[in-house]
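Worksheet for the structure shown next.
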Amino acid sequence: MDSVTTDCCSAEEDDCSDSDVLCLMRVGKNSDWLRLFENAEVQLANVTVGRGLEVTHQLLSSTCPLMISRLHCSFRQKEDGQWTVTDKKSLNGVWVNGERIPAEQPHLLRLGDSIQLGVPLLGTKVEFDYVLIQRPLKDIKPYLVKEHREDTKAAHTPRKFKRKLGVEEVEPSTSKHKLYRCSSADKSFAKPCPLSPVKARRQLSHTQPEETVTSRQEHEGKLPPSDGSSSAWDLDNLQMYSQNILLLREQVSDTQRQVKSLEGEPRQTDPLREEQVRELQGQLEALRAKMHRMETLEKSFSETKRQLEEQKTQQQEELMKKQLEEALQEQKKVIDELALSRKGFEEIILAKNKELEVTKEEKEKARAQKEEVVTQVTEVLENELQCIICSELFIEAVILNCAHSFCCYCIKQWRNKKDECPICRQAIQSQTRCLALDNCIDRMVENLSLDMKARRQTLVTERK
C-alpha cells in the first residue's frame, strides 16, 4: 500500500510540475530547500520543522546539535491562501526579516521574507537561513530536501517489539552532556554499538536491501556533474565515501573474525554452524563488493576533484588575464589623460609667458618714458631755472627790467659791485619777485632726490 501511495503521489507531482509552489530557498546553497505543501494535501497541511522524528522536515545542525529544537516551528496556510509561521517555544527562536517573532503567535509571511532558524555562532553566519519564494515545481524539484518520513515508519511498528533504530532514523545523541555533543550533517559517519554475532547477522540481513538501494542510488543519481558546478559537494561526498570505506573495512574484518571463530569451534556444539558460516561468508562477499564499489566511487570522485581543481585554476588564470588587460587599459587611459593635461598646462604656461613678456615690454616702455620725462625736466631745471650767478635753482627768484631772472640774494650781491645785468649788461632800473617761478620750482623740487632737497634746504637756510 505504501508503494502504491508513493507512486500515486509521484504521478500527481509529475502532472502538476508546471504549477507554482512555495518553498524556503536556503541562502548560499543549491540544495536543502524546504517545500511548503498546500492545503490540498491533507496529510501535509501543517508543515513542521525541527530535529525530532515526528516532523515534516528534519534539520540537523553540523556545528551545534542543540541549535534546532525537536519541534522548532510550523508553517500553516490560512483559508485565504496566505502562509504563517509559528515559533513552537524553540530555544534559539525564529527570526523574520531580522526580528525574532513571539512564541506560539502566528506571523504572516510574504514573498521575499527572510526566515532564520536559530542564531549565528561567534564569527559565523546563521546556518539555517531561508528566503520565501514561489517557483514552478519542475524548476525547484532538484533542490528540494526529501521530507522526513520516519514518523510514518514508526507508526506502523508495533510498540511491544523493541527494535534497534538505524543510524539514519535517530537524531544524533551521545553519552556526553548536551553541551559537549558533536554532530555531522552526514549521519553515515556514526558507528553503531558492537552487537552479538546473532544480532549482527539479523541486522546485516535487514540492512542488506537498504544498502543495495543506497549503493544503486549512489551509482545512478549521486555522481557529480561533469560541468564542475559542485566542487564543495564533491569534496564532502569524497570525505563521506572515505569514511564509509573505513567502516566497511571494519565490518569486513569483524565478519572475518566471526567466520574464523565459528570455523575453529567443534561442529558437535552447534548443528547450524555451517549454515551460519555460509551466511557470514555471503555477507562478507557482499561487503567486499560494496567496498569495491565504494573504492571505485572514491577514485571517480578523486578524478573529478582533480579535474575541478584544474578547471578552477584555468578559470583563475583567465580571470587574472582579464583583470590584467583591464588594468593595462585603465593605465593607458590614465596616461592619455595625463598627456592631454600636460599639453593643456604647457599651452597655459606659454600663454602666461607671452602675457608676462608683453607686460614686461610695457613696463620697460613706461620706465623709458618716465626716464625721458625726468631727463627733460632735469634739462629744463638746469638750463632755464638755474641762477647764472650761483648755478643753483632759483631761491626767491626776481625779474629785472631786462626780463632776466636771478636769485634775490645773488643779484643783491652782484649789484654791490656793478649795477648792470650780468647777462645783457643793461642797466638795472628795477627788480620784481616772481612767485609763480618760486612755486613751480618748489613743486619740481618735491620730485627730486633727498640729497638735492637737503642741499636746497641748506642753501635756503644760509641765505636767510
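The values are calculated or read from the model by the stated rules, or taken from the named source; none is laboratory data. Because the structure is predicted, anything quoted here is derived from the model rather than measured. A quick note on method: Cβ atoms are made from the backbone with ideal geometry, for glycine too, and the neighbour counts reach across all protein chains shown. We work out accessible area using only protein heavy atoms, side chains counted, and drop any ligands, DNA or RNA first. Shrake-Rupley method; radii C 1.70, N 1.55, O 1.52, S 1.80 Å.
For residues that are among the small types (Gly, Ala, Ser) and free of Cβ contacts under 8 Å to residues at least 40 places away in the same chain, scanning just the stretch 386-419, find the one that is farthest from MET452 (Cα to Cα).
Residues of the stretch 386-419 among the small types (Gly, Ala, Ser): 391, 397, 403, 405.
Within this subset, residues satisfying the condition of being free of Cβ contacts under 8 Å to residues at least 40 places away in the same chain are 391, 403, 405.
Numbers: SER391: 13, ALA403: 28, SER405: 21 Å.
Checked the stretch 386-419; the qualifying residue farthest from MET452 (Cα to Cα) is ALA403.
Of SER3, SER17, SER31, all but one fail to be open to solvent by less than 70 Å² (accessible area, probe 1.4 Å), modelled with pLDDT under 85, more than 31 Å from the chain's Cα centre (by Cα) and over 25 Å from THR84 (Cβ atoms); the exception is SER17. MET67 falls short on exactly one of the conditions (1) of a type in the set (A, V, I, L, M); (2) buried (at least 17 other Cβ atoms within 10 Å of the Cβ); (3) not in a loop (DSSP other than H, G, I, E, B), and that condition is (3). Taking the stretch 43-64 as the range and being surrounded by fewer than 16 Cβ atoms within 10 Å (Cβ to Cβ) and touching a Phe, Trp or Tyr at 6+ places or on another chain (Cβ under 6 Å) as the test, only LEU44 passes.
Only one of these is modelled with pLDDT under 90, of a type outside the set (Asp, Glu), in contact with an Asp or Glu (Cβ under 7 Å, 6 or more places away or on another chain) and surrounded by 15 or more Cβ atoms within 10 Å (Cβ to Cβ): ILE389, ILE395, ILE428. Name it.
The match here is ILE428.
For LEU448, the conditions (1) surrounded by 13 or more Cβ atoms within 10 Å (Cβ to Cβ); (2) part of a helix (DSSP H, G or I) all hold with the exception of (2).
Got at least one residue in the stretch 73-83 being farther than 19 Å from LEU36 by Cβ, open to solvent by 30 Å² or more (accessible area, probe 1.4 Å) and modelled with pLDDT under 90?
Keep residues of the stretch 73-83 that are farther than 19 Å from LEU36 by Cβ, which gives none.
No, because not a single residue in the stretch 73-83 is farther than 19 Å from LEU36 by Cβ, open to solvent by 30 Å² or more (accessible area, probe 1.4 Å) and modelled with pLDDT under 90.
Taking the stretch 106-138 as the range and being touching a Ser or Thr at 6+ places or on another chain (Cβ under 9 Å) and of a type in the set (Asp, Glu) as the test, the residues that pass are GLU127, ASP129.
For first residues located in the stretch 38-56 and closer than 16 Å to GLU79 by Cα, partners that are among the acidic types (Asp, Glu) and modelled with pLDDT of 60 or more and lie 6+ apart or on another chain with Cβ distances below 9 Å form the pairs ASN39/GLU79; LEU44/GLU38; ALA45/GLU38. Of all residues being of a type in the set (D, E, K, R) and either open to solvent by 70 Å² or more (accessible area, probe 1.4 Å) or in contact (Cβ under 8 Å) with a residue 40 or more places away in the chain (or both) in the stretch 89-124, which is nearest to ARG135 (Cα to Cα)? Just the residue, please. Once the filter is applied, the top-ranked residue is ARG110.
So that you can scan it fast, the table gives a plain yes or no per residue for (1) hydroxyl-bearing (Ser, Thr, Tyr); (2) assigned to a helix (DSSP H, G or I); (3) within 60 Å of the chain's Cα centre (by Cα):
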{"residue": "ALA368", "(1), (2), (3)": "no, yes, no"}
{"residue": "GLU371", "(1), (2), (3)": "no, yes, no"}
{"residue": "VAL374", "(1), (2), (3)": "no, yes, no"}
{"residue": "VAL377", "(1), (2), (3)": "no, yes, no"}
{"residue": "SER391", "(1), (2), (3)": "yes, no, no"}
{"residue": "ILE399", "(1), (2), (3)": "no, no, no"}
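Residues that are farther than 29 Å from VAL373 by Cβ and among the β-branched types (Val, Ile, Thr) within the stretch 400-449 comprise ILE411, ILE428, THR432, listed in sequence order.
Looking only at the stretch 295-320, which residues are aliphatic (A, V, I, L, M) and in contact (Cβ under 8 Å) with a residue 60 or more places away in the chain? Don't jump to the end; show me each part of the working.
Within the stretch 295-320, the first condition is being aliphatic (A, V, I, L, M), and the residues that meet it are 297, 308, 319-320.
Scanning the stretch 295-320 gives LEU297, LEU308.
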